[in-house]
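The values are calculated or read from the model by the stated rules, or taken from the named source; none is laboratory data. Not measured: the values here are computed from a predicted model. As a convention, Cβ positions derive from the backbone with ideal geometry for all residues, glycine included, and neighbour counts pool all protein chains shown.
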Amino acid sequence: MTSEPFHHSGHMKKKYSIDRRSFLRSAAGSAMATAAAPLSVSAAAATPLILSENIKGANDRLRVAVLGVNGRGKSHIEEVMDLATAANVEVVALADPDRNVLLERASDFEKKYGKKVRIEQDFRRLYDAKDIDAVTIATPNHWHALQVIWACQAGKDAYVEKPATHNIHEGRIMIEAAYKYNRIVQHGVQLRSSVAIREAVKHLQEGLLGRVYMSRGLVFRRRGDIGNKGVSAIPAGLHYDLWTGPAPLRPFSRNLVHYNWHWHWDYGNGDVGNQGIHETDLCLWGLGLESLPERITSMGGKFLWDDCKEVPEVQTSIYHYPKQRKIIQFEVRNWNTNLEDGAGVGNIFYGEKGYMVIKGYGTYETYLGDKREKGPSRSESGELGLHFQNWFEAIRARDMSMQNGPVQTGHVSSALAHLGNISYRLGRQLQFDPVAERFIGEGEHEANGMLSRNYRAPYLLPAVV
């Protein structure tokens, strides 16, 4: 099992150096321009570079590897295989640092689909495989951006679960990699492919509520006491060094593997950076915002459980856009609580003529005027399959403008959550320059030190992609 940093083989260097030169010469969004310019989701609509050697036609099967198969990765397997006929795709490989999980998932795959699937503990072996076109990433948060960047360098398209990044700096590098290598990177915010929610956002854009000035994101989830299991021996079959990757190598604890890493800063981002990314993304989308805020404040804490969670159980964040005269509020609650017009996980948009409630993944309702008269509404499921289908269509066309969840959304919606967490951890309101993506004013040095992290060798974020 190798733990060397990922490098391209010789044939890959030769092939993609040609792509890079063509891209830098012809594409409007060069890496230098991307890094220097204000971030805009609409940048994804720039004229794409079409590379004939990378185009797959309708008769060419797209071969997909799924990275991280203990939790969300199971849904990735199912969604890709459900589209096998319609989109001419298939899952051909699975990767997970826990061999026990891998064997179980491979057995399930063979029983359900009647064929074997390649398995690897070390996903980097799949990045070097010529017979794999794309990867889906459902690993812990601290791996997401680095796995996307390495995928782009290896010539693989990528679908990455939310949040796309573990910190703000990673987002810029990820965007640079996607554009430099002309890779189709889809962020797993499937609300953007929901028929109902796309209709809801169209209502907001066309003025159903008049001027829309505020959005609230809600994540009310029952998160119980996880206790403190302490340190124990690494279980047989788990490649713990690889699981930890770029994060600090802590002594093994079942508090981390497999799910509760979400509640520890080295690996997760709390619920605002977990379920909440769907809602931060929708807040931005619905308000028509494509950049980060100028003022951020967040507070909260642990009020119920004396367990080993490091993140707050309850958290309220406010993101202010004074130039646009808009504001985002985000709230995390963790236990018994009321719903807000039926929304426990979702969004509420406020306009001069009424408000809109978005519930879960595919339902919206509107209430108009002083008497809260019911306006347009819709409920429709199937958004995850549509999101994968949209990714596959963009891959075949080599066209970023076709994407519902382009790489820019992965950066901005994740960074919004990270900004709230930085304010919470520092215990004060912060001033932010959304163009330079740096904190300004009092205490800027301490805050800017939290825009990135120290990466553990050999799992290093590249300074130049």
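List of remarks:
- Scan the stretch 204-233 for residues that are of a type outside the set (A, V, I, L, M) and under 16 Å from Thr337 (Cα atoms) and the total you get is 6.
- Meets criteria (at pLDDT 95 or above and under 24 Å from Gly210 (Cβ atoms)) for Tyr455: no
- Which numbered condition Lys56 misses (of (1) at pLDDT below 95; (2) in contact with a strand residue (DSSP E or B) (Cβ under 8 Å, 6 or more places away or on another chain); (3) buried (at least 21 other Cβ atoms within 10 Å of the Cβ)): (3)
- Checked against the criterion of being surrounded by fewer than 21 Cβ atoms within 10 Å (Cβ to Cβ), in contact (Cβ under 8 Å) with a residue 60 or more places away in the chain and under 30 Å from Ala65 (Cα atoms), the candidates Gly385, Gly288, Gly351 yield just one match: Gly385.
- Pick from the stretch 362-376, criterion charged (D, E, K, R) and part of a strand (DSSP E or B), ranking: farthest from Gln190 (Cα to Cα): Glu373
- Residues satisfying the stated conditions in the stretch 61-92, i.e. on the phi < 0 side of the Ramachandran plot and in a loop (DSSP other than H, G, I, E, B): Arg61, Val69, Asn70, Gly71, Leu83
- Filter result (touching a helix residue (DSSP H, G or I) at 6+ places or on another chain (Cβ under 7 Å), part of a helix (DSSP H, G or I) and touching a residue at least 40 places away in the same chain (Cβ under 8 Å)) within the stretch 422-446: Ile422
- Test for Ser401: is it assigned to a helix (DSSP H, G or I) and farther than 25 Å from Gly73 by Cα: yes
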